[in-house]
Amino acid sequence: MRNYELAVVLNPELSDDALTTLQGKVADWIAAAGGAVVRLDYWGRRRLAYPIGKKREGAYVFWYVQMPPDAPAVVERKLRIEEDVMRFLFVRHEEMPAAPVVVVAAEEPAGRAVAAEPVLDALKPGVDEPDAATA
């Protein structure tokens, strides 16, 4: 079994119920092809870099799956037929990507947001940090 990431841009005009149904349908296609869904990430509706089929937004969904080498071709064929799929891309990974990093924006006293920084346990206040005097 190989590790794959499946990125799909769906029609933004789909209702939440239709979107959930389509996500389940794709998961069923993956299972029918002999694969298993490891993780599902729904990024929501986002603006596209360029219009696709006169649409300027798309609903982004990412599946992280384990499948046999010939299974992506079967799923790709079904994705091409589905009308609500605007674009898709299979990417093979040597190892399954780690869980997503939580990103929070730091704020200035005036209330303006500063560059976002990833939250790491080692950088949280209250965690034992080496003293500069002892180092």
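Every number in this text was worked out from the coordinates using simple rules, so none of it is lab data. These numbers were taken from a predicted model, which means no experiment stands behind them. Cβ atoms come from the backbone with ideal geometry, glycine included; neighbour counts cover every protein chain shown.
If you put +1 on each Lys and Arg Cβ and -1 on each Asp and Glu Cβ, how big is the dipole of segment 12-92 around its Cα centre, in Debye rounded to 20? Please report the intermediate quantities before stating the final value.
Working: 13 positive and 11 negative charges, 81 e Å.
That gives segment 12-92 a dipole magnitude of about 380 debye.
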Label-point separation in nm, residue 80 to residue 39, each point 7 Å along Cα→Cβ: 3.0
In order through segment 35-49: 3J(HN,Hα) via Karplus (6.51 cos²θ - 1.76 cosθ + 1.60), integer Hz, x for Gly, Pro: x, 9, 7, 8, 8, 10, 10, 9, 8, x, 7, 9, 6, 7, 5
Residue order, fewest to most beta carbons within 10 Å, for 63, 29, 43: 43, 29, 63
